[in-house]
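Note sheet for the following structure.
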2 protein chains.
Amino acid sequence: MKVGILGSGDVGQALGRGFASRGHDVMIGSRNPDSDKLKAWVSNAGKVASTGSFADAASHGSVLVLATLGTAAEEVIDLAGPSNFSGKLLIDVTNPLDFSKGMPPGLFVGTTDSLGERIQRKLPEARVVKCFNTVGNSQMVDPTYRGVEMLICGNDKAAKAEVTMMLKEFGWNGAIDAGGIEGARWLEALVPLWVRIGIALDNWNNIFKVLHE
Amino acid sequence: MKVGILGSGDVGQALGRGFASRGHDVMIGSRNPDSDKLKAWVSNAGKVASTGSFADAASHGSVLVLATLGTAAEEVIDLAGPSNFSGKLLIDVTNPLDFSKGMPPGLFVGTTDSLGERIQRKLPEARVVKCFNTVGNSQMVDPTYRGVEMLICGNDKAAKAEVTMMLKEFGWNGAIDAGGIEGARWLEALVPLWVRIGIALDNWNNIFKVLHE
């Protein structure tokens with residue numbers, strides 16, 4: 001499978017490494033595809049890993065991952081070319097974090113909208129699934145904590161089923177489906193709480209597990 | 001310890017039963033303190049249990065619990081008499097759920113305010129601790145799932161320490177302190193997600209556990 005990842009920060013690199021480790025052909029898209037940090041990422045991730053512009057990565061992938069800062073998400077989609085998303089599964093990992101009042105952050109979308117919904121509205125032909133946004137990048141692939149289900153949402157049931165299979169490949173115990181893309185309001189709102197818990201515990205590997213029968 | 005509980009729904013009754021079972025002298029305040037359901041509650045909860053008006057209960061308790069519907073919280077405080085809250089620990093269990101668009105609910109406070117903050121602003125002399133609002137009433141006392149820490153927040157550290165001791169009495173593994181009362185924005189935002197998960201799993205005993213080292 002060809003995977004295009006938009007965003008070269010810790011999250012993009014962690015997911016890129018994860019897909020490459022499972023044998024997928026991964027390209028990370030970045031404003032600076034020749035940076036030292038991305039050269040290091042390519043040499044660690046192996047021969048099926050490459051870098052390019054945002055448009056290169058969006059064109060490369062049959063599956064796309066949006067892993068930019070929340071504030072940059074819509075601009076990066078413009079740079080990548082909205083037509084490159086048509087019909088594709090887009091895994092949206094972004095969070096609309098507002099650091100304008102310092103730490104811990106708030107959200108810049110309120111509770112009657114979400115970044116997931118904005119992205120789905122901007123890309124009506126893409127099959128957007130919100131996923132991975134509620135966990136730290138250290139836990140996204142081969143999580144320390146086993147037996148946990150990822151919280152996801154999105155409008156396309158088949159896309160959510162594909163993501164659930166990928167999650168199982170990555171060491172997750174599947175997913176809990178929080179409904180349509182408007183569920184992103186609450187998946188995103190989990191993140192300011194996660195930051196507060198990280199501060200309280202001085203531990204950024206903490207993770208929410210839903211216990212149920 | 002004398003406990004006054006404002007609100008006689010499932011949450012108020014569950015917490016009232018919990019405090020009474022630990023030997024505390026509990027009064028539930030209600031608009032209808034002589035209703036059949038409260039007579040049944042008193043006879044189940046034992047001889048240290050009673051009912052009264054909101055003002056009776058607020059006057060009775062050295063510790064108070066606010067367990068009304070979110071939409072009724074501020075009116076019930078007015079009925080109970082704000083001076084009855086001065087200097088007291090107030091455990092705020094309310095959620096600002098907005099069902100105006102049906103199920104699942106949203107929140108009527110946005111993400112730059114919370115019901116916890118509104119209550120603390122309305123009662124500046126009370127020591128408000130947000131607690132129990134993120135879990136279903138079946139799990140509040142003697143939870144099925146052991147080893148879980150409750151998410152709490154509030155401005156008064158001593159009040160949070162008192163609540164943490166009560167939580168241990170109730171079978172919880174203590175608490176995680178999500179910071180000042182503004183943390184209520186995110187504890188409250190967990191509830192629309194909890195409802196969505198309840199719908200997905202068709203299980204209302206589900207509970208969030210924070211896994212950490």
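Structure summary
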quantity	calculated
Test: residue in the stretch A:15-33 that is basic (Lys, Arg), surrounded by fewer than 17 Cβ atoms within 10 Å (Cβ to Cβ), out of contact with any Pro (no Cβ under 6 Å at 6 or more places or on another chain) and under 21 Å from A:GLU125 (Cβ atoms)	no
Residue match in the stretch A:103-112 (condition: closer than 19 Å to B:LYS209 by Cα and either under 16 Å from the mean Cα position of the chain (by Cα) or buried (at least 24 other Cβ atoms within 10 Å of the Cβ) (or both))	no
Evaluation of A:ILE197 against (1) buried (at least 24 other Cβ atoms within 10 Å of the Cβ); (2) more than 9 Å from chain B (Cβ to nearest Cβ); (3) out of contact with any Lys or Arg (no Cβ under 9 Å at 6 or more places or on another chain) (one fails), failing number	(2)
Residue that is nearest to the other protein chains (Cβ to nearest Cβ), among those in the stretch B:164-186 that are without any contact (Cβ under 8 Å) to a residue 40 or more places away in the chain, closer than 18 Å to A:LEU193 by Cα and in contact with an Asp or Glu (Cβ under 8 Å, 6 or more places away or on another chain)	B:ILE176
Residues within the stretch B:1-13 that are surrounded by fewer than 22 Cβ atoms within 10 Å (Cβ to Cβ) and farther than 18 Å from B:PHE85 by Cα, tallied	3
Whichever residue in the stretch A:80-97 is surrounded by fewer than 16 Cβ atoms within 10 Å (Cβ to Cβ) and free of Cβ contacts under 8 Å to residues at least 40 places away in the same chain and, among such residues, is farthest from A:ALA161 (Cα to Cα)	A:GLY81
Evaluation of A:ARG31 against (1) touching a Leu at 6+ places or on another chain (Cβ under 6 Å); (2) without any contact (Cβ under 8 Å) to a residue 60 or more places away in the chain; (3) not β-branched (Val, Ile, Thr) (one fails), failing number	(1)
Answer residue from the stretch B:156-199, given it is touching a helix residue (DSSP H, G or I) at 6+ places or on another chain (Cβ under 7 Å) and of a type in the set (Gly, Ala, Ser) and is farthest from A:LEU190 (Cα to Cα) among those	B:GLY174
Of residues in the stretch A:24-51 being out of contact with any Gly (no Cβ under 8 Å at 6 or more places or on another chain) and small (Gly, Ala, Ser), the one farthest from A:MET165 (Cα to Cα)	A:SER35
Lone qualifier among A:GLU188, A:GLU213 - being within 14 Å of the chain's Cα centre (by Cα) and of a type in the set (D, E, K, R)	A:GLU188
Which numbered condition B:LEU115 fails, given (1) surrounded by fewer than 20 Cβ atoms within 10 Å (Cβ to Cβ); (2) in contact with a strand residue (DSSP E or B) (Cβ under 9 Å, 6 or more places away or on another chain); (3) under 18 Å from B:ASN155 (Cα atoms); (4) within 14 Å of chain A (Cβ to nearest Cβ)	(1)
Criterion: more than 10 Å from chain B (Cβ to nearest Cβ) and either more than 21 Å from A:PHE19 (Cβ to Cβ) or part of a helix (DSSP H, G or I) (or both) - qualifying residue of A:ALA189, A:ALA161	A:ALA161
Condition check for B:ASP202: surrounded by fewer than 19 Cβ atoms within 10 Å (Cβ to Cβ) and of a type outside the set (A, V, I, L, M)	yes
Members of the stretch A:43-67 that are over 18 Å from A:ALA14 (Cβ atoms) and of a type in the set (Gly, Ala, Ser)	A:GLY52, A:SER53, A:ALA55, A:ALA58, A:SER59, A:SER62
Verdict on A:VAL141 being hydrophobic (A, V, I, L, M, F, W, C), assigned to a loop (DSSP other than H, G, I, E, B) and within 9 Å of chain B (Cβ to nearest Cβ)	no
Filter result (out of contact with any strand residue (DSSP E or B) (no Cβ under 8 Å at 6 or more places or on another chain) and either of a type in the set (Ser, Thr, Tyr) or at the interface with chain B (Cβ under 7 Å from one of its Cβ atoms) (or both)) within the stretch A:200-209	A:ASN203, A:ASN205
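Residues checked against (1) within 15 Å of B:ASP10 (Cβ to Cβ); (2) under 18 Å from the mean Cα position of the chain (by Cα):
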site	(1), (2)
B:ASN32	no, no
B:TRP41	yes, yes
B:LEU69	yes, yes
B:ASP92	no, yes
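Values in this text are rule-based calculations from the coordinates and carry no lab data. All figures in this text were calculated on a predicted structure; none of them were measured in a lab. When we count neighbours, we look across all protein chains shown, and the Cβ atoms used for this are built from the backbone with ideal geometry, even at glycine.
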